[in-house]
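What follows is a short report on a single structure.
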Amino acid sequence: MAKILFYNHTGQVSGAERVLMMILNGLDRQSYEPVVVCPAASRMMELAESGSVRTCGLVQLEARFTWRPDRVAAYLSSFGRVIRQARRVVKDECPDFIHANSIRAGLVMSAATIGLGVPVIWHAHDILPLHPLSTFVRMFALIKPGNHILAVSQAVADAFRGVVLRPFKRRVPITVVRNAVDLKRFYPDLSVRHDMRRAMGLSDDQPTVGIVGQLTPRKGQLELIRAFPNVVRKVPKAVLLIAGEALFNRDEEYARRLQDTVESLGLTNNVRFLGPRSDVPRLLQAIDVLVVNSHQEPFALTVLEGLATGVAVLGTAVGGTPEMIRHNVNGWLVDRRDNDELASGLIALLADGDLRVRLGSHARLDAVSNYSIARFLTEIDTLYRENIASGKIPQQKNLPSFKVSLTGD
């Protein structure tokens, strides 16, 4: 049995943590022994333990990209504390390899395993920004042997490699494994649509737009609100449902700004803030158009969930989103930060029910064909098997098979 140490640098739960739980829930425990390392007494730790996974607590890593030298110093100090604790855990656990569930987690575990010979998979859920620290990240991935980058999209892979790592494809291999969606939770169901609309006080034919995700500037809720008056002028009964909450950094301030903007634009009768929702699969059934208005998006789970539900998805053509959405085939693409194009796309979709049905039908077929949990776990398992077979992560693919539990669909 191979022991895998999974490290999550934050105790908060968002998209990356949901992907991690998908992996943990699908592992065959007769072949793999998982141990989750994450901040103690956190939501992430609770989730892991609810899945019967042994856990080990560390302090929370406080680090992000910044241009302020004083904060860089504080973040480096936080890295130092976490790395020291992580190294003790690695020595105690003696894992066969480590699955670090973010770029920051990869940095921590690669530093913590210097001289220990433990391979580290960096699960890159984010697109590296244009920043001097991004060059440092790439250089660190290069100089520490045994690193392998697992990217959630080709866009993430290309951004991570950049110019620095292009000559070193064998030294720092990058594998793309696109995320998956639970096809048994997200699927079209007209009866659920009717019940949800009635519960929310919406008529069956009321034009309804939804945006789902944490409230943060990167997700573009503010621009969507600013574009919505143009939609309402053409579709007076249109309603915008905003589901989600502020999770990180100074996002509470952003959430208040969203509320203020709705009031200042006179949209209080057209925009509803739903807060965090535990019934997202049912909520998606109730809307006509799902908007993913992100300024940057590595590979949004929300897009996959919309495709699987068979709802018309309008997304910005950024990051990994065009890898999922083909314009006017299984969804609708617009340029980011273009509120006029955003409003025009919404108006076109809300006005044409046949168009929405066509897009939604193709979307569901694509989700079933390309984004099942079974496909995802098989590709993850292949990467794990390569690591186990060789003691590192090789380029060869003809390796012995291990069983993996393909649960979920």
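Residues of region 170-224 being on the phi > 0 side of the Ramachandran plot and either outside the structural domain of R257 (by TED's automatic domain parsing) or crowded, with 19+ Cβ neighbours inside 10 Å (or both), which ones?
Of everything in region 170-224, those that are on the phi > 0 side of the Ramachandran plot and either outside the structural domain of R257 (by TED's automatic domain parsing) or crowded, with 19+ Cβ neighbours inside 10 Å (or both) turn out to be G213, G220.
Is it the case that some residue within region 379-398 is at pLDDT 95 or above and over 17 Å from K3 (Cα atoms)?
yes
At least 3 residues that are modelled with pLDDT of 95 or more, assigned by TED's automatic domain parsing to the domain that holds V209 and under 17 Å from R364 (Cα atoms) in each: list the helices (runs of 4 or more DSSP H) lying fully within region 262-351 that qualify.
Numbers: elements: 280-286, 301-309, 321-324, 339-351.
Where helices (runs of 4 or more DSSP H) fall fully within region 262-351 and carry at least 3 residues being modelled with pLDDT of 95 or more, assigned by TED's automatic domain parsing to the domain that holds V209 and under 17 Å from R364 (Cα atoms), they are 280-286, 301-309, 321-324.
Can you go through V137, V163 and tell me which one is farther than 25 Å from M21 by Cβ and surrounded by 21 or more Cβ atoms within 10 Å (Cβ to Cβ)? First the steps, then the outcome.
Numbers: V163 fails: surrounded by 21 or more Cβ atoms within 10 Å (Cβ to Cβ).
Just one listed residue meets the conditions, V137.
Of all residues being out of contact with any helix residue (DSSP H, G or I) (no Cβ under 6 Å at 6 or more places or on another chain) and either touching a residue at least 24 places away in the same chain (Cβ under 8 Å) or outside the structural domain of R197 (by TED's automatic domain parsing) (or both) in region 244-253, which is nearest to G210 (Cα to Cα)? Just the residue, please.
G244
Do you know which of the residues in region 333-344 that are under 23 Å from the mean Cα position of the chain (by Cα) and in contact (Cβ under 8 Å) with a residue 40 or more places away in the chain is nearest to A227 (Cα to Cα)? Full working, then the answer.
The initial filter retains those residues of region 333-344 that are under 23 Å from the mean Cα position of the chain (by Cα), namely 333-337, 342.
Of the ones still in play, those that are also in contact (Cβ under 8 Å) with a residue 40 or more places away in the chain are 336-337, 342.
On the way: R336: 12, R337: 10, L342: 7 Å.
My answer is L342.
Output the number of the condition that G244 fails; it satisfies all remaining conditions of (1) surrounded by 21 or more Cβ atoms within 10 Å (Cβ to Cβ); (2) at positive phi; (3) over 17 Å from the mean Cα position of the chain (by Cα).
(3)
Report yes if V35 is closer than 20 Å to P95 by Cα, at pLDDT 95 or above, among the hydrophobic types (A, V, I, L, M, F, W, C) and crowded, with 16+ Cβ neighbours inside 10 Å, otherwise no.
yes
Hey, does region 177-200 have a residue that's assigned to a loop (DSSP other than H, G, I, E, B), among the hydroxyl-bearing types (S, T, Y) and within 30 Å of W122 (Cβ to Cβ)?
Scanning region 177-200, I find no residue that is assigned to a loop (DSSP other than H, G, I, E, B), among the hydroxyl-bearing types (S, T, Y) and within 30 Å of W122 (Cβ to Cβ), so the answer is no.
The values are calculated or read from the model by the stated rules, or taken from the named source; none is laboratory data. Note that the coordinates shown come from a computational prediction; the quantities given were computed from them, not determined experimentally. Cβ coordinates were reconstructed from backbone atoms using ideal geometry, including for glycine residues, and neighbour counts include every protein chain displayed.
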